[in-house]
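Novice: Sharing a structure with you now.
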Amino acid sequence: MVQINWKQFYRSVFALVVPLAIQNLINVGVTASDVIMLGKVGEKVLSGASLAGQIQFIMTLIFMGITSGATVLTAQYWGKKDIRTIEKVLGIGLSSGLVTAFVFAAAALLIPELLMHIYTSDPVVIEEGVKYLKIVGCSYLFMAFTQVYLNIMRSIERVLIATIVYAISLLNNICFNAVLIFGLFGFPAMGIKGAAIATLTSRILEALIVLWYAYVRNKTVRIRIRDLYKIDRVLFKDYLVYSMPVVLNELMWGLGSSANTAVIGHLGSAAVAANSVAQVARQLATVVVFGVAHATAIYLGKTIGERRMEEAKAYAKRFLWLSMILGFIGGLLILVSAPIANSALALTEEAKSYLRFMLFVMSYFTFAQAINGTLVIGVFRSGGDTKFGLVMDVSTMWGFSILLGAIAAFYFHASVFVVYFLLMSDELVKVPLTIKRYVSYKWLKDVTRDMEGIEGSGT
C-alpha cells in the first residue's frame, strides 16, 4: 500500500487549479463581454458574431489538439527533467500551430461569405458575420503563437504567466469593446466591427507579452528558432503517435459542436442568440472543472514520468471525485442564474423561452462534461491514451447526437426544444464509456524514451 501525503497533494493541486481556473474564467470573460455588449446592440449582430466565432472555435480546438498531444510528452519528460527534449517538442508544437493559423486566416480573409453560409442563410446575420471575420482573421497567427506556447508551459507547471497574459488581455478587450462598440470618448459607434478590432488588439498584446516572457524571463525552457524547422525524426514520430489522435479528436469534437451550431442556425436567429448565451453559461460553470482536468494531465503526467504508477492510480481517483463535485455545483449555478440571464439581455420573448430550456439542458450537460473532461483530457492523456477519446467522440457525437438532431430538425421539422435536447445528449452517453475505460487502467503508460533514444537530446 502506497503511503501518500494527501495534504501535500491538495496543496500542489490547488496551486495548479487556481491559476488554470482563472485562465479559463478570463477566456470565457472575453467571449462573455462580446455577448453582453453585442446583445445590447441587437439580436442579428449578436448572432453574426456568434456564428463567425465558430471559425475561431474550430481553429482553437486544433491548437488544443496540437498542444494536448505535445503535453502528453512534455509533462512526462518534465518528470524526467529532460529539458532539451521539451524544447524540441515546443518547436514542433509552435510550427504546427502557426501553419494551422495561416490556413484559417487565409479562409477568413478570402472567403468569409462562404464560411458564414455554412451556419446560416439569414442575409443580415451573414453580413454582420463577414464584417467580424475580415478583422478577427488577422489575429489568428498571434493566437497560434500565444496559445501553443502558454499551453505547453502549463505542462511543465509554468501556469502563472498565462493567468497574467489573459487577465491583461481581458481588461484590454472590455475597454476597447465599450469604446468602439458604443462610440465612447468621441469614437464612432462601430458595432460588430468595434468588437472585432478590440479582439485583434487583445491578441497582439498577448503575443507581445509572451515574446517578452519567452526571451527575457523564462530561463528554463527556451524557444530555439532551429527547433521550428529542424525536426528530430524519432521525437516527431512519438509526437505524431500521441498528438494526431488528440488533434483529430479535438477537430471532430469542434466540427461536431460547429455542426450543432449550424443546425441551430437554420432554426432562426432567436435560437442562435439563446444558444450563444447558454454556451457562455456552460463555459462559466466549467471553468474550475477544466482547470482540474488540465491540472490532472500535468500532475499525473509528471507522476507517470517519474514511474510512480500506484500513486498515479490513487491521484486519478481523487481527481475524478473532485470533478464530479465541481460539475454538480456548476450545474446548480446554471439553474440559479437562469432568471438573471433572461432579464439582463435584450432578447425577444421567443429567444427567452428557448434560453430557459437551454439552460436547463446545460445544467446536467455540465455535470456529465465534468466527468468526461477530467477523464479524457486529464487522466487518459496523461498516460498517452489518446486514441480512446477520438473513437468515443466520433461515435457518440456524429453517430448519435448530431445524427438524431439533424434528422429531427430537417426531416421531421421538430421544435427547437426537441432538436436541442438531442444535440446536447452526447455527454450523457459518454459517461459509462469513460468510466469503463478508467477502471481498466489501459491508460496508464510511460511514453518517454531514454535520452539516448532521442537524436541530439543533449545538444
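Novice: Identify the residue in the range 355-367 that is touching a Lys or Arg at 6+ places or on another chain (Cβ under 7 Å) and of a type outside the set (Val, Ile, Thr) and, among all such residues, is nearest to residue 430 (Cα to Cα). If you could, list the steps in order and put the result at the bottom.
Specialist: Here is the first cut: in the range 355-367, the ones touching a Lys or Arg at 6+ places or on another chain (Cβ under 7 Å) are 362, 365-366.
Next, from what is left, pick out any that are of a type outside the set (Val, Ile, Thr): 362, 365.
Values: 362: 16, 365: 11 Å.
So the residue we want is 365.
Novice: Looking at (1) assigned to a helix (DSSP H, G or I); (2) over 22 Å from residue 126 (Cα atoms), which one does residue 257 not meet, given that it meets all the others?
Specialist: Result: residue 257 passes all but (2).
Novice: Take the range 279-332 and flag every residue that is assigned to a loop (DSSP other than H, G, I, E, B) and at negative phi.
Specialist: Within the range 279-332, 286, 306, 308 meet the criteria.
Novice: Ok, one more. State all residues of the range 128-179 that are of a type in the set (D, E, K, R) and closer than 19 Å to residue 15 by Cβ; if no residue qualifies, say none.
Specialist: Within the range 128-179, 154, 157, 158 meet the criteria.
Novice: Right, something else. Could you say which residue among 332, 355, 359 is loosely packed, with under 15 Cβ neighbours inside 10 Å and at pLDDT 90 or above?
Specialist: From the options 332, 355, 359, the qualifying one is 332.
Novice: Being over 23 Å from the mean Cα position of the chain (by Cα), in a helix (DSSP H, G or I) and closer than 25 Å to residue 419 by Cβ, is that true of even one residue in the range 367-385?
Specialist: Taking every residue of the range 367-385 in turn, none turns out to be over 23 Å from the mean Cα position of the chain (by Cα), in a helix (DSSP H, G or I) and closer than 25 Å to residue 419 by Cβ.
Novice: Under 6 Å by Cβ, and 6 or more places apart or on different chains, what pairs join a residue from the range 374-387 that is at positive phi with one that is outside any helix (DSSP H, G or I)?
Specialist: That search, which allows pairs on different chains as well, returns 384/445; 384/447.
Novice: Let me ask another. Within the range 186-201, identify whether any single residue is within 16 Å of residue 70 (Cβ to Cβ), buried (at least 23 other Cβ atoms within 10 Å of the Cβ) and in contact (Cβ under 8 Å) with a residue 12 or more places away in the chain, and answer yes or no.
Specialist: no
Novice: Go through the range 35-125 and tell me which helices (runs of 4 or more DSSP H), entirely inside it, have 1 or more residues that are at pLDDT below 80, at positive phi and within 23 Å of the chain's Cα centre (by Cα).
Specialist: Correct list: empty, since no element meets the threshold.
The values are calculated or read from the model by the stated rules, or taken from the named source; none is laboratory data. Please read these numbers as outputs of a predicted model, since none were measured by experiment. A quick note on method: Cβ atoms are made from the backbone with ideal geometry, for glycine too, and the neighbour counts reach across all protein chains shown.
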